[in-house]
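**Student:** Would you mind keeping the following structure in view while I ask a few things?
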Amino acid sequence: ATPQPVGLLRPNPWGFYDMHGNVGEWCQDWFAPYDAGNAAQDPRGPKNGHRRIWRGGTYLSPPTDCTASRRGRLEPTDARTGLGIRLALDLPGRGDALKPADREPAETNAAEIDGMPRPGVVVIHNAMGMELRQVPAGGFEMGDGNGTKRNPDSHPVIITAPFFLGVYEVTIEQWERVMEASGPGKDRMPDLPVAGVTWNEATDFCKKLSEHPLEKAVGRRYRLPTEAEWEYACRAGTVTRFCFGNDPRILQDHGWCHLNAQGNRRPIGYKKPNIWGFYDMHGNVSEWCRDIWAELPRTKRTDPQGPPTGPLRVYRGGSWADEESHCESTHREGGRPNVSLDGILGFRVAMDLGTPVRSREKRTKNVLSEVGN
């Protein structure tokens, strides 16, 4: 028995991983019996003692020792197998010297930004080191209303279930670890987004990642995002041309395009993310989506998947070679699934822990009513 990599099992509702088991965790307090029956505000234990508290149980512990209330105690110099730590942080002005009564009230509307849903704190780091953030269920206006196939008339869309999306585009290093083969092209910088992959190859990557033993053990199913999921995550509650507003001159702060990329794709994560924490949604490499390309409808849709057949697949976001208008949140293109564009086309992964995307349309009317149908 040995400790396991962090974050492979499901977090608690507040987004904290490995609170039960893996390694026991030292706490700041000296051990003392609880003062039964009396309420305590910001308790910190006695001022001195002989043993310090540790909590959570370890990979060696029985389930009864991994409960939320179980307390262990050891001398602070005791370095036993199975004990580790997690850190806490006090922001400036909110440390030990701050009286409890002076503390600011907690945020009362943490689930929304200006009335729009926002992601919680649930972030996953998988076995390949990929970071994924949970996107909340909700609704938005898809498209921008100019009536063309590439930038269609806006129409209401409802996403009925949360899903996870890669914070970054898939990199060359991640591609090579999953596919066990060199990435396309000559560039070998590990943090460059992989580019020049076909839709078929991107889908194969998702399948192989889903079949990885550590990912399969915790029920993670990877796929490409639908076109609606991609735009929903890119907009992050906005209704403007870009996730940051309407001014294309600011694009260079948020993405790589023909103005600043100097003729090639750039390492991931160097520009500002959108308000939901996703990087490079505008530019760098265009990103394959799951859908078959077709003119979008002009009526309300729930979890749209695109048509069942067609010769082209959708890609979104624009690239380092594109002008500003091709990097807008609504801009869409289509390509054959067996054709790649060298240095231009990449992808980011979506992931389901619960209901697969194709099954969401079977959800009940009660679920739809919760998101405003």
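**Student:** Order 314, 122, 6 by their accessible area, 1.4 angstrom probe, all chains in place, largest first. Provide the component values of the computation, followed by the final result.
**Tutor:** Values: 314 0, 122 20, 6 110 Å².
Most to least solvent-accessible, the answer reads 6, 122, 314.
**Student:** Turning to a different aspect of this structure: Quick one: Debye curve from the alpha-carbon atoms of region 262-349 only, equal weights, vacuum; give me log10 I(q)/I(0) at q = 0.12, 0.19 Å⁻¹ to two decimals.
**Tutor:** -0.40, -0.93
**Student:** Ordered by residue, what ³J(HN,Hα) values in Hz, to whole numbers, does region 51-67 give under the Karplus form 6.51 cos²θ - 1.76 cosθ + 1.60, where θ = phi - 60° and Gly and Pro are x?
**Tutor:** Values, residue by residue: 10, 9, 7, 10, 9, x, x, 10, 5, 8, 8, x, x, 5, 8, 10, 6 Hz.
**Student:** Order the following by accessible area, largest value first: 65, 291, 253. Probe radius 1.4 Å; ligands, DNA and RNA are ignored.
**Tutor:** Details: 65 45, 291 10, 253 80 Å².
Descending order: 253, 65, 291.
**Student:** Probe radius 1.4 Å, ligands and nucleic acids left out: which of 90, 247, 342 has the largest accessible area, and how do the rest follow? Write out the running numbers ahead of the final one.
**Tutor:** Working: 90 95, 247 50, 342 130 Å².
So the residues, ranked largest to smallest area, are 342, 90, 247.
**Student:** Turning to a different aspect of this structure: Accessible area of residue 128, 1.4 Å probe, to the nearest 10 Å²?
**Tutor:** That residue has around 20 Å² of solvent-accessible surface.
**Student:** Provide the convex hull volume over Cα atoms per residue for region 209-285, in Å³.
**Tutor:** 122
**Student:** Please compute one quarter of the surface area of the Cα convex hull for region 144-274 and express it in square nanometres.
**Tutor:** Working: hull surface 39.1 nm².
The number I arrive at for region 144-274 is 9.8 nm².
**Student:** Still on this structure: Tell me, what is the FRET efficiency for residue 305 and residue 211 to the nearest 0.05, using R0 = 25 angstrom and their Cβ-Cβ distance as r?
**Tutor:** Working: r = 23 Å, r/R0 = 0.93.
Computed FRET efficiency for residue 305 and residue 211 comes out at 0.60.
The values are calculated or read from the model by the stated rules, or taken from the named source; none is laboratory data. Only a predicted model underlies this, so the values are computations on that prediction, with no experimental measurement involved. FYI the Cβ positions are ideal-geometry reconstructions off the backbone, even for glycines, and counts take in every protein chain you see. Note: areas computed on protein heavy atoms with side chains; ligands, DNA, RNA excluded. Shrake-Rupley method; radii C 1.70, N 1.55, O 1.52, S 1.80 Å.
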